[in-house]
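Have a look at the structure below before the remarks.
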Amino acid sequence: MPKNRRLEPAADWVPLRKAVFTFGVAADDTAADLFDKPLDTLTNAEIAAISDKPSIRRLTRMLKEESGATGVNIDTDALIFSFLFVDNGATSFGGPPWAILSEDRAVSRDPPVAAETETNVFVRIDGEQAARESNRYRAVRKATGLVWRQFMLRAFDRAVSTRAVALYARTQSVSAGFEQLPADVWPLLEVADWQNGVAVAPDGTTYWSIHAQPSTVKVRSSGERRGRKQKIDWDGFVKSRVFELLDHHGWPDPSDPEWRTQADVEAAMSAICGEQVSESTVRLYTARFMAEWKRTKAGN
């Protein structure tokens, strides 16, 4: 293909806002025997079995358990999480997961001005209702963060890193032609606008109108053993990418929902590797690279 040829969106391209709902969840239940077990009773092995590409059924159950809602629904067409609470006054919340997580919608604990002319009892009950709604919304945001970030996004990241999914974007300008993004670029990007598919790289490069496409390249399963396994360049390529992420995000911070602990760095490293690597190996190299990065920042 000539270098200057402009790519045009194909029929099977999916905008980023829908891509995670398409490639980050399983079409069918692949571990149905685990779905009747409460989330907090699952072992690490069982969680791994369902988290590679979790089903809508499992994700819906997680949202319900974590939020305490009476009813929960994931609409993969409208791209919406919906929550319904009916006890002690009905309340409903809903929206795209990125909108739920970005909204600062804490409900004021102070009663409305109109209630000041009523009895003290009325004011006290209204305040309790406001506090209850605020607590419910916080629970909704917590549940949404768990399902969206820890399960759906990680499954989508794996699909990109294993090249099961190809990404395309306009670089720097909304009028530029589409270009395919290398798989190792995706873990470095920070999505600024899920709705419109806009992401920014650590060097400031902006990628517009990101789309995903199922890859035509056959992805080899972990059980296939054809040829010699490619050696991972830990101290070269992988280390440099991890350092770039740490330079961009800084040291993991509990206040950062996407970069709270070492586990988030490990997830990014797994995506960078682009193939199945044991959890213990990833953890070992992550700890080592984080320590080295910290020393360089300290000037030692």
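Take Val25, Val277, Val174 and order them by how many other Cβ atoms sit within 10 Å, fewest up front.
Final ranking by Cβ density, sparse to dense: Val174, Val277, Val25.
How large is log10 of I(q)/I(0) for region 125-201 at q = 0.16, 0.26 Å⁻¹ when the intensity is taken from the Debye formula with one equal scatterer per alpha-carbon?
The computed values of log10 I(q)/I(0) come out as -0.72, -1.26.
Within the set of other residues whose C-beta is less than 12 Å from the C-beta of Ala78, count the net charge using Lys and Arg as +1 and Asp and Glu as -1.
0
Which of the pairs Lys142/Lys239; Lys18/Lys239; Lys18/Lys142 have their Cα atoms more than 27 Å apart in this structure?
Lys142/Lys239; Lys18/Lys239
Computed over the Cα atoms of region 226-300, what is the ratio Rg over Rh, Rh following Kirkwood?
Over the Cα atoms of region 226-300, Rg/Rh equals 1.00.
For a Förster distance of 25 Å, can you work out the FRET efficiency between the beta-carbons of Ala11 and Ala192, rounded to the nearest 0.05?
0.40
With a point put 7 Å past each Cα toward its Cβ, work out how far Thr261 is from Leu284 in nm, to one decimal.
Between Thr261 and Leu284, the simple spin-label model gives 2.2 nm.
Sort His248, His211 by Cβ crowding within 10 Å, fewest neighbours at the top.
Exposure proxy ranking, most exposed first: His248, His211.
Once the Cα gyration tensor of region 161-216 is diagonalised, what are the square roots of 5 times its eigenvalues, in whole Å and ordered largest first, as equivalent ellipsoid semi-axes?
17, 13, 10
At what distance in angstrom do the alpha carbon centres of region 239-288 and region 78-102 lie from each other?
31
Treat the count of other C-beta atoms within 10 Å as a stand-in for reagent exposure and order Val191, Val86, Val72 from fewest to most.
Sorted ascending by nearby Cβ count, the order is Val86, Val191, Val72.
Each reported figure results from applying straightforward, stated rules to the coordinates on display, with no laboratory input. On a predicted model such as this, the values are computed, not experimentally measured, just so you know. We place every Cβ from the backbone using ideal geometry, glycine too, and count neighbours over all the protein chains shown.
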